[in-house]
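Following: one structure in structure tokens, then a few remarks.
The values are calculated or read from the model by the stated rules, or taken from the named source; none is laboratory data. Treat the numbers as computed from the prediction; the structure is a model and nothing was measured. Note that each Cβ is placed from the backbone with ideal geometry, even for glycine, and that neighbours are counted across all protein chains shown.
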Amino acid sequence: MTRNAWDDHAATFDTEPDHGLTDPTIRAAWRDLLVSVLPDAPARVADLGCGTGTLTRLLTDEGYVVDGLDFSPEMVERARAKVPEARFVVADAGDPPLPAGEYDVVLSRHVLWAMDDPEEALSRWVALLRPGGVAVLVEGSWATGAGLTAAQTEQLVRAVRDEVHITHLPEPIYWGKAIADERYLAVSRR
């Protein structure tokens, strides 16, 4: 989608259960999932493709220091209102203008698949990490035909890092509904 399309989508983006995380049960499931793979707070997180800042809010509430980035000014405006204590940048996640080697975590949710060159983007994301930093990618291969399979994401991660662990997420608790497509978490610690 284009920047204008994402800007237009910003006003209703949080209405999807897995986008806004307004349901306490869904929010708790995402919190538990993410905290289980992240280093202890107050680790520094780069939330790439942060959208309206829902994951930034979730992690900030858990004590993490989060910088969000999205190429949609409308999404970032909503993120700033949702998480005023976080820092947000309007920029392309494919080439994030964030300081290299400064983050404990690079997090993206449903962003890698949309990159023109996912391997190059992932290489740039990994460059943001401190030694021992973790890359956390929530991705999927959706019924619409868009996205990346877990095998594709694993191959992309292994091109830039030695290790990746895939956890499939078919449970409706994460999405607010039953799903028939492939959704997963990819975590790379080295």
query: Only one residue in 178, 127 is free of Cβ contacts under 8 Å to residues at least 40 places away in the same chain and closer than 24 Å to residue 16 by Cα. Which one?
result: 178
message: I need every pair where a residue in segment 78-100 that is closer than 12 Å to residue 51 by Cβ and touching a residue at least 60 places away in the same chain (Cβ under 8 Å) has its Cβ under 8 Å from the Cβ of a residue that is in a loop (DSSP other than H, G, I, E, B) and among the β-branched types (Val, Ile, Thr), sequence separation at least 6 or different chains.
response: 78/52
message: Going residue by residue through segment 149-169, is there one that turns out to be of a type in the set (Gly, Ala, Ser), in contact with a Lys or Arg (Cβ under 7 Å, 6 or more places away or on another chain) and either modelled with pLDDT under 95 or surrounded by 13 or more Cβ atoms within 10 Å (Cβ to Cβ) (or both)?
response: no
- line: Residues of segment 96-133 being at pLDDT below 95 and more than 20 Å from residue 164 (Cβ to Cβ), in sequence order, are 116
task: Count, please, the residues in segment 50-61 that happen to be in contact with a strand residue (DSSP E or B) (Cβ under 7 Å, 6 or more places away or on another chain) and either of a type in the set (A, V, I, L, M, F, W, C) or in a loop (DSSP other than H, G, I, E, B) (or both).
output: 5
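List the helices (runs of 4 or more DSSP H) that sit entirely inside segment 1-49 and contain at least 3 residues that are buried (at least 16 other Cβ atoms within 10 Å of the Cβ) and at pLDDT 95 or above.
It comes to 24-37.
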First in segment 28-48 and of a type in the set (Phe, Trp, Tyr), second anywhere and not in a loop (DSSP other than H, G, I, E, B), Cβ under 7 Å, 6 or more apart: 30/58; 30/174
message: As an exercise: evaluate residue 76 against (1) of a type in the set (A, V, I, L, M, F, W, C); (2) in a helix (DSSP H, G or I); (3) within 22 Å of residue 174 (Cα to Cα) and give the number of the one condition it does not meet.
response: (3)
task: Select from segment 50-69 the residues that are surrounded by 19 or more Cβ atoms within 10 Å (Cβ to Cβ) and over 16 Å from residue 16 (Cβ atoms) and list them in ascending order.
output: 56, 59, 60, 64, 66, 67, 68, 69
Any hit, segment 99-110, residues being farther than 13 Å from residue 45 by Cβ and under 15 Å from the mean Cα position of the chain (by Cα): yes
